[in-house]
Amino acid sequence: MLLIFVAGLAITGVTAERERAKNQAAYDAFRQTGVTPPAPKAISGATLTVQERL
Amino acid sequence: MTDEGDRRGFAVLGWLVVFLLVTGLFSRALGLHWVQEVEWPTDLYALGRLERPSPVDVGIVGSSRSHYGLAPTAIDACLARTAGRVTTTVSANRLAASLYASDLVARELFSGERKPRALVVEVAPESLNANHFELDYNVASTAGPSDTFECIGAAVAGPPSLSACARPLVRGVENIAFWLHRPLTEHRHITWMALYAGGGQYCFGLPGCDARNADYDLRHQGRWQTRIDRVLPKVRTERFIDYEIDGGLPARHFVALLDRAKAEGVAVHVVNLPVSEVYQAEVPVEAYAEFLRWVPETTAAHGGAFVDLNVPEWRVRDRYIDPDHLNASGARALSARVCAELAGSVR
C-alpha cells in the first residue's frame, strides 16, 4: 500500500516537473523569437451547468 | 469492541490523516493545488510556475468577466505606447470568483517577489456579497491550509459551510487525480493563452488571434439567448439573496488585498466591469446602491483607485457574447479604456 502511495506521488512529481519544463522552454523560445506555435482552437470546454456559474 | 479493535480503528484513521496531509503538502509544493475539475478560465498551474525574466507590470484578478473583458495583449500594446517600452500584463481568473478567491489568487501570484507595478481588481456587486452563491466553491477550490481557521470562524456565524473549510486540508488527493487525468478538453487552449498571451479569453496582435477570436464568437452566438433563458431568471434569487457586504469573507479579503498592495507599493485599480442592459435590469436596485456606496469609499480609504465602467455607454448589446461577458470587440475597447487608467502607474 505504502509502495503504491509513494509510486503515485513519484509519477505525479515527474509529470508535473516535465510539464513545467516544457512550458518554460516554450515561453523562453517565445521571448527570444517572438514566434508562437499555432493557437489551438478556443473552446469553452465547459458544460452548460458550468457556464451557468461563470 | 475490544481495546485492540479501538487501537486498530484509530491507527487506520491516523494513517488516513497522514496520507491526506502528505498528499496535500506534496500537491501544493508542486503548484498542483491550482489544478481543478474545472480548470477554465486560466491555467493557473502554468502561470504560477512560469519564471519570467522581469517582473509583471500589470496583474489582473477576477472572475470570468475580467477573463472575457480584459485582454492582456491589448493592454500591453496600449501600455507600450504610453510607457515607451514592452510591458507584461498577466490575467489570473477563477471560475465564479468572489473577492475572497480573487484575494487568494493575488496573494500567491501577485505579491511579495512577484508583485506587479499595478493590480487590476474586478469588482461586481455579487462578488462582494457575504452570502456569495459560490462561496463554498471559492473556499474549497482556492483556499489553502493556512486559511482554515479563518474559514471556520466565519462558518460559525454564516457562510461558508464547515465542510467547505475542511476541503483545503484534504484537497491534494483530488488535485493529483485531476492532474493525472489531464489533458482536460480546454487545457491546450488555456495553456497557450497563459504562456503567450498572458491569459484572458481574447488575444490581439499575435498571429492567428483575430481569426481565433472571430471563430470563438461565431461558434458561441447562441450563448446570448441560452443565458437569457437559463441564467437571468436565477440572478436575483441566487446571486443577490440576503445581500450584504460588511463583515463577509469577500469584503474582508477585499480590504486585505488593498492593504497588502498598499504595503508593497502596488498601485491598485478597482474596476467595476460593465454588464449588458438586460443583466443590469436583474440586479436589485438596493443591492447595487449599497455596492456603489461601499466600494469607492473602502477603496479610497485603503489607498486604491476606483473606476466605474458599468455605465450605459458600455452596456450596449453588440459588445457582449452573453448578458454579462464581453465579446472580442468589447474586450478590445474595454482593455484600451483600462489601459488609460493604468498609464500613470506603469512607466
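None of the figures in this text is laboratory data; all of them are computed from the coordinates on show. Quick caveat: nothing in here was measured; it's all calculated off a predicted structure. Ideal geometry is used to build each Cβ from the backbone, glycine not excepted, and the neighbour counts take in all protein chains shown.
A helix-only calculation puts the protein assembly as shown at -16500 deg cm²/dmol for mean residue ellipticity at 222 nm, using -39500 (n - 2.57) for each DSSP H run of at least four residues, averaged over all residues.
Under the simplified labelling scheme, the B:VAL170-A:ILE43 pair shows an inter-label distance of 3.3 nm, with each label point 7 Å from Cα along Cα→Cβ. Annotation for B:GLU244 and B:HIS181: the two label points, set 7 Å from Cα along the Cα-Cβ direction, are 3.7 nm apart. Computed over the range B:206-267, the Cα gyration tensor eigenvalues convert (square root of 5λ each) into semi-axes of 35, 26, 5 Å, ordered from largest to smallest. Annotation: for a label point projected 7 angstrom from Cα along Cα→Cβ of B:LYS234, residues of the range B:315-329 with backbone N closer than 18 Å are B:322-325. From least to most packed, judged by other beta carbons within 10 angstrom and beginning with the fewest, B:LEU206, B:LEU44 follow the order B:LEU206, B:LEU44. Computed across the range B:207-347, the Kirkwood hydrodynamic radius from all distinct Cα-Cα pairs reaches 17.1 Å. The label-point distance for B:GLN221 and A:GLN32, in a model that sets each label 7 Å from Cα toward Cβ, rounds to 4.4 nm.
Among the residues of B:18-28, the average count of other protein chain beta-carbon atoms within 10 Å of the residue beta-carbon is 2. If you take the beta carbon distance between B:ARG293 and B:ASP3 as r and set R0 to 56 Å, what does 1/(1 + (r/R0)^6) give as a FRET efficiency, to the nearest 0.05? E between B:ARG293 and B:ASP3, to the nearest 0.05, is 0.35. With a cut-off of 16 Å, note down the residues of the range B:1-28 whose backbone N falls inside the zone around a label point 7 Å from the Cα of B:THR148 toward its beta carbon. Residues B:13-28 fall inside that zone. In plain terms, the residue of B:ARG219, B:ARG85, B:ARG107, B:ARG260 with the fewest other Cβ atoms within 10 Å comes first and the most crowded comes last, giving B:ARG85, B:ARG219, B:ARG107, B:ARG260. Taking Lys and Arg as +1 and Asp and Glu as -1, the other residues whose beta-carbon sits under 15 Å from that of B:LYS262 total +1. Look at the stretch A:32-42: the mean tally of other chain Cβ atoms within 10 Å of its residues' Cβ atoms is 6.
Given chain B, report the % of alpha carbon pairs whose separation exceeds 33 Å. Let's see the in-between values first.
Numbers: 16215 of 60031 pairs.
In whole percent, the long-distance tail amounts to 27.
Partner shielding of A:13-25 amounts to 5, given as the average count of beta-carbon atoms from other chains within 10 Å of each residue beta-carbon. With 10 Å bins beginning at zero, the pair-distance distribution over Cα atoms of the range B:79-220 amounts to 10, 30, 34, 20, 6, 0 %.
In terms of surrounding Cβ atoms within a 10 Å radius of their Cβ, B:ASP322, B:ASP242, B:ASP308 rank from fewest to most as B:ASP242, B:ASP308, B:ASP322.
Relative to the compact-globule estimate of 2.2 N^0.38 Å, the Cα radius of gyration of the protein assembly as shown comes out at 0.99.
Report note on the peptides B:300-307, B:116-123, B:130-137: ranked by the mean count of other C-beta atoms within 10 Å, highest first, their order is B:116-123, B:130-137, B:300-307. GNM on chain B, alpha-carbon springs under 10 angstrom: the most fluctuating residue among B:ALA71, B:ALA83, B:ALA97 is B:ALA83.
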